[in-house]
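Quick notes on the structure that follows.
The values are calculated or read from the model by the stated rules, or taken from the named source; none is laboratory data. Predicted model only: the values in this text are computed from it and were never measured. All Cβ positions, even for glycine, are placed from backbone atoms using ideal geometry, and neighbour counts span all protein chains on display. For the accessible areas, the whole protein counts, side chains as well, though only heavy atoms, and no ligand, DNA or RNA atoms are used. Shrake-Rupley method; radii C 1.70, N 1.55, O 1.52, S 1.80 Å.
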Amino acid sequence: MMRQFPANPDLTVEEFELNMGPQHPSTHGVLRLVLTMDGERVVRCKPVVGYLHRSIEKMAENRTYTQVIPVTDRLDYCTSMTSNYVYVMAVEDLADITVPPRAEYIRVIMSELNRIASHLLWYGTFALEVGATTPFIYGFRDREKVLDLFESTCGARLLYNYLRIGGVSRDLPEDFCERMLAFLDEWEPLIREYEDLLDENPIFYNRTKKVGFLSAEKALAYGVSGPNLRASGMARDVRREHPYAVYPELEFDVPVRTEGDVFARYRIRMEELRQSARILRQCAEKLPGGPYLEPQPLRMVLPEGETYVHLESPRGDIGCYLVSQGTDKPYRCKFRTPSFCHIAVFQHLVRDCLIPDIMAICASFDVVLPETDR
Amino acid sequence: MEPIFEQFVRDLTGGFQVPFWAPMLVSLGLVLAFIALNAMFMIWLERKICGRIQRRMGPMLTGPKAWARFSMWTGGWFQTPCDSVKLLLKEDIIPAQVDRFGFMLAPVLVFMAALAVYVPLPISSTSYAQSAPIVVAVADLDIGLLYVVAITTLTILAILTAGWASNNKYSLLGGMRAGVQILSYEIPMLFALMGPMVLAGSLSLGDLVLVQHAGLFGVPLLGWFLVPSFLGAVVYLICAVAETNRPPFDMPEAEQELVAGFSTEYTAMRFAMFYLAEFSNTFVVCMIFTAVFLGGWTLPGFIPPSSLNLGFFTLPYFDLLAGMAIFFAKAYAVVLLLMWIRWTFPRLRPDHLMTFGWKFLLPLSFVNLLVCIVLAAIQQIYFGGNPG
Amino acid sequence: MIYDPNPVAFWLLAAMVAGCALAVVRARKLFHAGLALVGTLFAVAGLYGLLQAWFLAAVQVLVYAGAIAIMLLFAIMLTHNMMNPDLKSLTTQPWTAAALCLMLLAILLGGTLSSTWQTAPDTTLSPTWTPKCGFQVAEAIPSVQALGFRLLDPFTLPFEMVSVLILVSLIGALVVARRNPALPEAPEGREEKAP
Amino acid sequence: MSPDEFLPILQARFPQVEFRLDPLNPQALIMSASGVPEVFGWLRDAPEAAMQYLEFSTAVDSPPDCLCVVYSLYSYTHRHRLALKVDLPRHAPTIPTLSHLWENADWNEREIYDLFGVFFSGHEDLRRLMMPEDWEGHPLRKDYSHPNLTPRPD
């Protein structure tokens, strides 16, 4: 395709198409970006998704309500806990089940720990995308410690299948809170270390500041949520707006920045790490005794009806739209996933950027492809 | 090389006159062996240093188990030899749609450049049976520095060819980036090296070292051009990292952006040649830095005897060996610095790289040149003669 | 001392010069022709080196085989249809070209054969230079020093005039290449303005 | 505002469109297809509704003759949610697109088209999103069958 320079009509440049992905080191899985390039400058970008489509929604229609839980693990392998959570919350909402307070606290502990694990993974890969190798190892090293906590709780390190309808599958191990607090004491000062690796570096500033600017209006129109929306100046957090579980009893701040660029998205997540630690400390203090599960029949039958619940996952606003027709299987189970919206934003954001900017922008949105494709 | 070699053979055989091609062949063999072994060691070292920076061990498993038990620094010694064997044994793939001539030429060219650049590098000197010290180099060229800079341009050519011939958009982008990057950084680099050239009044690397040993204003350590030409040293080091495509200037092969840049389509031995050349060039850069800014094989106020009497045995060529030890110690110190930079910095963006090179480094190198000219003039007027 | 270049090396380099030059003309792909040109220039640098004209050799590599050849390759990469092997050679007047080439050859041969060649190096122009290290340098013509003294002693004025000329042409090129401010600028909004 | 508060306002404003409460979903209103996209435009822009955010849109297939498209709207200003359901004939489901109102609708509608076969008139780029381009059929329909698809044993 030929394009003319407005300043010099005699000069034309030839654009070419560059297929970035589905196999590319930094598209985070199997995202494909069809880029129309003018040299190193992006003229147009079309994201292509669907390479990881496993028809989770179709699978859910053929399983009993309990059997769907392990499938939701596979929605987002970085934060299985919150994917579990949103599904069981939907079922509990339809069946009108009250969860014991201890289970509520355990769920919050798990989702906050998972937020830490997910943000640490994000921190590592994001730094890798802007070319810094060392933060990657730092992020993964500390994520391991969170995974150790998960392993001692539910036996799994990645796909937990821990939450149950009416509670959680098993109680916390006896010394869990001590170990978690020990981890937090050791780890919280390290957040400063993560920031030191990137923050003071002029190369990093140049790579991230004023790159990938997303205005609040565009963010809303594209359905962006979570840290990415908060980086664009909207103080929106489901934990605050529609508090679920025990969040109303907990004190925490919702970090907001107005720049809307890659750097803001990075800073927001760093702040969220601190807030998660704060929430976890309160939970450890307030954790009540009592049962951890309100047992439900194995093949439970839900009354006819439909519901939509959502909660704040590390990536943003994850929702579950559940339709029941009075049988033991969901009639329709739709997951509204944040990454789905975030990938669509790329086509808007990477226009007129350079190739390295694409990497920084893609990484800053923290997309997870299985969640997009479902 | 030639005089030392001839002298050495004469001593050993009692007056045998070597044919004219023998020193060339011997030096070629030595340089080739050095490149291969040194690259292996550097790759291992890089992994260990990187591991240390990232709070992990690096390779620990290959090689005798007992070594790994002894210390972190002895574990995994066999990792790079194993990797080399793996690369040698891998299938050599030439994709169907590439331009075969260019595709096959590029790794040879890049390796040729990496090999040729060793010619004027002085690693030591000896005064064995001579009154004046003989510089040990393949050939201490009169125009050593200029030669080095000239040969590096060949690398651009090779990378450009590789990128273009691979018939892959990522490769082409990588090749183009490399071409632009190396071409632009060559200019501040040359200007940064001009400071020492002016101070020494010579382009020969051997001369540069000897002048540094003599000292500036009569003060020995001041003579290390790192001091009078500090800006030049900084600019040179930055440009050198950029020229060797090492992070944070590894735009041409930026893995996260261009998959593997110009070497995307290369496999097995052809890829190994790029890899080897890259590490070899890195070391060459450090050697040049040592020779030009760090006083080469000399230490201030230290003149090793030409032979060392150990009582039971007289070690000949001691000054040569001591010089080499000093030289490589310094060069490896610079290597460590480069590794430190590599593993802690994010990558630049190509346009920032250009801005940085043209708008910051180039003026800085001019300032450095000016300072050096003033210093050289002072030396000439008040301390008699050219510093050299 | 009269330097005697090694004949084997000379013939090898000469063959490379001729072969690569032939390849420049005969290569089907433009890119290959460009590469062959680099080969020619490089071999010529080798010939200079063989004659101990190190400075000239290095400058040949730096300027011709390096900078100019790479500019040339960049330009070739921008040409359309560069990979098409079916492209016809653009030579439409082969006989005229041959005649011109023969004339050039005759002139060169005439010049070469009729000239009296200075065989001893002229070292009188570098009176202060004393070789310090190694025999290699001592035996060779100190080409850099000689060149430097020539440029800054008898030929200072022409040297400075040439540099002024190059500077002027550089500025001229910038002026010519600058965008006309009367025309609208290309849209360059890298970032969106926040509403 | 809740759906039963929205109902009279919408009915007054769009008399030609049919609205009713959904007995199954307390957050939802059922409306007729003739109201798309005007109702949505009003919901987005009217200050009392201010639904800046299209949370998701999806479909529910209920054979034999109904296919329901569901839109979930959310207002950050008023913190209220409204789901709108539009019943379409299952054999030829066509509905105007909302992609000019919310960029988000673009991909959501492509997904619905892909998995349910709902045709969004006016959509600029209605291609399959999840399934391969040459896929036949719409997998999330209840009567979809594929040779590789076997019922899960109980």
How do D:120-131, A:361-372 rank on mean C-beta neighbours within 10 Å, highest first? A:361-372, D:120-131
222 nm [θ] for chain A, helices only, -39500 (n - 2.57) per DSSP H run of 4+, per residue, to 500? -14500 deg cm²/dmol
Once you keep just the Cα pairs under 8 angstrom separated by 6 or more residues, what percentage relative contact order results for chain A? 25
Based on Cβ point charges of +1 for Lys and Arg and -1 for Asp and Glu, what charge dipole magnitude is obtained for the stretch D:15-154 about its Cα centre, in debye rounded to the nearest 20? 380
Any idea what diffusion coefficient the stretch C:1-83 gets from Stokes-Einstein, in µm²/s, Kirkwood Rh on alpha carbon pairs, 10 °C, 1.306 mPa s? 118
With x for Gly and Pro, the residue-by-residue ³J(HN,Hα) of the stretch A:62-72, computed from phi through the Karplus equation 6.51 cos²θ - 1.76 cosθ + 1.60 at θ = phi - 60° and given in whole Hz, is 9, 10, 6, 4, 6, 5, 6, 3, x, 5, 5
Shielding by partners - mean other protein chain Cβ count within 10 Å, residues of B:338-351: 6
Tell me, what is the per residue accessible area of the protein assembly as shown in Å², probe radius 1.4 Å? 43
Relative contact order %, the stretch D:3-121, counting alpha carbon pairs below 8 Å whose residues are six or more apart: 21
If the elastic network links every pair of Cα atoms under 10 Å, which of A:Arg179, A:Arg257, A:Arg281 fluctuates the most in the Gaussian network model of chain A? A:Arg179
Suppose only helical runs count, i.e. DSSP H with n ≥ 4. What mean residue ellipticity at 222 nm does that imply for chain D under -39500 (n - 2.57) per run, divided by all residues and rounded to the nearest 500 deg cm²/dmol? -6500 deg cm²/dmol
Computed for the protein assembly as shown: size of charge dipole around the Cα centre, +1 on C-beta of each Lys and Arg, -1 on C-beta of each Asp and Glu, debye to nearest 20, value 1340
Gap separating the Cα centres of the stretch D:79-118 and the stretch A:195-236, nearest whole Å: 30
Under a no-solvent Debye model with one identical scatterer per Cα of the protein assembly as shown, what's log10 I(q)/I(0) at q = 0.05 Å⁻¹? -0.45
With +1 on each Lys and Arg Cβ and -1 on each Asp and Glu Cβ, how big is the dipole of the stretch A:10-373 about its Cα centre, in debye rounded to the nearest 20? 600
If you count, for every residue in C:29-42, the Cβ atoms of partner chains within 10 Å of its Cβ, what is the mean? 3
Taking only DSSP H segments of four or more residues, each worth -39500 (n - 2.57), what value at 222 nm results for chain B once the sum is divided by all its residues, to the nearest 500 deg cm²/dmol? -21000 deg cm²/dmol
Provide the packing ranking of A:213-220, C:97-104, i.e. peptides ordered by the mean count of other C-beta atoms within 10 Å per residue, highest first. A:213-220, C:97-104
So if I restrict to the alpha-carbon atoms in chain A, what is the Rg, and what is Dmax, the biggest pairwise distance, in Å? 21.5, 79
Can you pull the percent of chain A's accessible area that's carbon plus sulfur, 1.4 Å probe, other chains left in place? 51
Lysine pairs, Cα distance under 23 Å, 8 or more residues apart or cross-chain: how many in the stretch A:10-373? 7
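What is the stretch B:1-138 by shape, rounded, prolate or oblate, if you read a ≥ b ≥ c off the alpha carbon gyration tensor as root eigenvalues and call it rounded for a/c under 1.5, prolate for a/b larger than b/c, and oblate otherwise?
Here the stretch B:1-138 falls in the oblate category.
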Sort out for me the Cα centre separation of the stretch A:23-86 from the stretch D:1-55, rounded to whole Å. 32
Roughly what would the spin-label model give for D:Glu133 and A:Glu217, points 7 Å off Cα along C-beta, in nm? 3.4
The stretch A:50-196 shape via C-alpha gyration tensor axes, a/c threshold 1.5: oblate
Highest mean packing first, using Cβ neighbours within 10 angstrom, the peptides B:72-79, B:5-12 sort as B:72-79, B:5-12
Count of lysine pairs in chain B with Cα atoms under 25 Å apart, counting only pairs 8 or more residues apart in sequence or on different chains? 5
Long-range amide H partners of D:Phe56, meaning residues 5 or more apart or on another chain whose placed amide H is closer than 5 Å, are D:Ser72
In a shell of Cβ-Cβ distance under 15 Å around B:Asp83, excluding B:Asp83 itself, what net charge do Lys and Arg (+1) and Asp and Glu (-1) give? +2
Classify the stretch D:17-148 from the C-alpha gyration tensor, please: rounded if a/c falls under 1.5, else prolate or oblate depending on whether a/b exceeds b/c. prolate
List the residues, sorted by chain then number, that are 5 or more residues from D:Thr97 or on another chain and whose placed amide H is less than 5 Å from its amide H. D:Ser121, D:His123
Using only atoms on other chains, find how many Cβ atoms lie within 10 Å of each Cβ of peptide C:61-73 and report the average. 5
For chains D and A, what's the summed buried accessible area, probe 1.4 Å, to the nearest 100 square angstrom? 3800
